[in-house]
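What follows is a set of notes on a single structure, which appears directly below.
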Amino acid sequence: MVEEGGEEEAEGESAEMPAAAAPLQRCNGFLPGKEAAGGGEQPAPAAPAAPEAEAMLAAGGGRPETRLSRRRLAVLAVFSCYSLVNAFQWIQYSILSNVFAGFYGVSFTQIDWLSMVYMVAYVPLILPATWLLDARGLRLTALLGAGLNALGAWLKCGSLAPQRYPLTLAAQAVCAVAQVFILGLPSRIASVWFGPTEVSTACAVAVLGNQLGTAIGFLLPPVLVPNTPNDIDLMAHNISIMFYGTAIVSTLLFFLTGVVFEEKPKYPPSHSQAVLQTKPPEDYSYKQSITNLFKNIPFILLLISYGIMTGAFYSVSTLLNQMIVAHYEGEEVNAGRIGLTLVVAGMVGSIICGLWLDYTKTYKQTTLIVYILSFIGLLVFTFTLDLGYLIVVFVTGGVLGFFMTGYLPLGFEFAVEITYPESEGTSSGLLNASAQIFGIVFTLIQGKLTTDYSPRAGNIFLCAWIFVGIILTALIKSDLRRHNVNSGIINLDIKAVPVDSPVEPESTTLKIQSAL
């Protein structure tokens, strides 16, 4: 059934919620209401719900109405596309490290910094970016990400001369800032726009856009910019084709973002979103939300284990060209194809994992299994890299990518589940910050080991850390809070305190009962 305004009602999405839901204490960083200052005094009346929430409650006799919007697919598609372009710009230098080192007359380490600047920029900017997402909303954050992405692409067009390495580094830094407003959005878009039976798949698709950009970044630059060290003018011309093409596409996507993105759909897509929309934004405390997350022990364990796995992926992606060329001289194009194989296999893994989570809700079990298989995949890749057969490297790289890259959306969705009702953008942002920190450290150390010893030494270093991540993942307590709210099959306390805190103020407790 299609209502006026283009909203499509989801089958089976009618929700039942007691009328007592009006004075809910939201704890997505919201401060609990104050108790009455005396036994005989009445508590202050609850702040009015948002107009959308009032309309839903009135229409359903105290039961919020949940529907799915047709626009959700367009929002997801546009986000995935500009995330793709941002990831493409991240890897386009590293996969041509020898080409750009010769063009700009700089060292391999300086070319590696064109990749690592993404990681360096993310760490100090993630807290302001997540505050902006929570305080100013999804649409403004999306526009900033798409706009800065286009600006950085155009600045690169001015760096098409051998002496302009500083300018290309500055342009890449602008793209790195854009990334800060991109990487934390998949779980927020999925939660705000998609229903409970598709939220994990939607998050996987949003992450897939970034992975696809990395895949294209592995494949396209070696084709567009062949190594012509004896003809710098031809090299500059080929680089200009890549830079200008990227700038035009990113600009078009910026305008599409302005047309397609809205703050949220007219009706919430799930019970969990309906609960979060019952309190006004002025009660929100970003500081309280951050504090809650850092006191949540399962989230801290996931924060570290996610950082290890994703940081290892960043390091392998950055140094892949150097690892391949060290054993297979002159195979820059095949190095890009191996990177493409790694990421495309990971995209398939992401979608399969997302569908599996939506079907089973086995977050911890799936995350742990994928982590173990990633460890095994990296071991096999490490000890077969120097056998002299590129086809073996293609196969082992694909297996490694299937599990290592497929892990990314698992971490996002698992974090949202164990931290609900805290902001999805904040938890995702902290996960990405952890990944950037580990990525910087791993890239520097693995790069040093690869240069001074061999690619095997650098990969064994990563294997040791991934083994630590397996242990940490096994220790995570699986508390699927969002799933419990959506299913309504058990009572759930939603409060502005961490799950492991012994202090649980009564005023923040909300009981969500099953309608049965």
Original post:
Which of the listed residues, 387, 355, 403, is farthest toward the dipole's positive end in the range 343-456, when Lys, Arg count +1 and Asp, Glu count -1 at the beta-carbon?
Top reply: 387
Original post:
Just going by the charge dipole of the range 99-247, with Lys and Arg at +1 and Asp and Glu at -1 on Cβ, which of 244, 224, 137 is farthest out on the positive end?
Top reply: 137
**OP:** Tally up the carbon and sulfur contribution to the accessible surface of the range 393-434 as a whole percent, 1.4 Å probe, everything protein left in place.
**Re:** 88 percent
**OP:** Please give, to one decimal in nm, the separation of the simple spin-label points placed at residue 365 and residue 259, each 7 Å out from Cα toward the Cβ.
**Re:** 4.5 nm
**OP:** Report, in debye and to the nearest 20, how large the dipole of the range 62-215 comes out about its Cα centre when Lys and Arg carry +1 and Asp and Glu carry -1 on their Cβ.
**Re:** 480 debye
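How do 193, 465 rank by accessible surface area computed with a 1.4 Å probe, from largest to smallest?
Numbers: 193 0, 465 95 Å².
Final ranking, largest accessible area leading: 465, 193.
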Original post:
What figure in square angstrom, to the nearest 10, would you give for the accessible area of residue 256 with a 1.4 Å probe?
Top reply: 80 Å²
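What accessible area per residue comes out for the range 138-230, rounded to a whole number of Å², with a 1.4 Å probe?
Values: 2750 Å² over 93 residues.
Ligands and nucleic acids excluded, the figure is 30 Å² per residue.
Residue separation times 0.36 nm, minus the C-alpha to C-alpha distance between residue 110 and residue 348: what's the value? The partial results should precede the final answer.
On the way: separation 238, 0.36 × 238 = 85.68 nm, distance 3.30 nm.
So the extension gain works out to 82.4 nm.
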**OP:** Can you tell me the relative contact order of the range 148-199? Whole percent, Cα pairs under 8 Å, sequence separation 6 or more.
**Re:** 36 percent
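From largest accessible area down, sort 263, 332; use a 1.4 Å probe on the protein chains.
On the way: 263 80, 332 35 Å².
Descending order: 263, 332.
Taking 35 Å as R0, compute the FRET efficiency from the Cβ-Cβ separation of residue 454 and residue 355 and round it to 0.05.
Values: r = 39 Å, r/R0 = 1.12.
The computed FRET efficiency comes out at 0.35.
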Original post:
What is the calculated FRET efficiency for residue 468 to residue 164, with r their C-beta to C-beta distance and R₀ = 45 Å, to the nearest 0.05?
Top reply: 0.60
**OP:** Could I have the simple spin-label model distance between residue 231 and residue 326, label points 7 Å from Cα toward Cβ, reported in nm to one decimal?
**Re:** 3.2 nm
**OP:** Report the paramagnetic label zone for residue 248: residues of the range 140-175 whose backbone N is under 19 Å from a point 7 Å from Cα along the Cα-to-Cβ axis.
**Re:** 149-160
**OP:** Multiply the residue gap between residue 441 and residue 386 by 0.36 nm, knock off their C-alpha separation, and tell me the result in nm, one decimal place.
**Re:** 17.3 nm
Original post:
Accessible area, 1.4 Å probe, largest first: how do 359, 165 sort?
Top reply: 359, 165
**OP:** Determine the share of the range 85-127's accessible area contributed by carbon and sulfur atoms, expressed in whole percent, with a 1.4 angstrom probe.
**Re:** 73 percent
**OP:** Provide the solvent-accessible area of residue 231, counting protein heavy atoms only and rolling a 1.4 Å probe, rounded to the nearest 10 Å².
**Re:** 70 Å²
Original post:
Label-point separation (nm) for residue 477 and residue 333, each offset 7 Å from Cα along Cα-to-Cβ?
Top reply: 5.7 nm
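Let's see if you can work this out: charge +1 on each Lys and Arg Cβ, -1 on each Asp and Glu Cβ, no other charges. What is the dipole magnitude of the range 345-428 about its Cα centre, in debye to the nearest 20?
On the way: 2 positive and 6 negative charges, 44 e Å.
The calculated dipole for the range 345-428 is roughly 200 debye.
The values are calculated or read from the model by the stated rules, or taken from the named source; none is laboratory data. Nothing here was measured: the structure is a model prediction, and the numbers come from that model. Ideal geometry is used to build each Cβ from the backbone, glycine not excepted, and the neighbour counts take in all protein chains shown. With ligands, DNA and RNA removed, areas are computed over all heavy atoms of the protein, side chains included. Shrake-Rupley method; radii C 1.70, N 1.55, O 1.52, S 1.80 Å.
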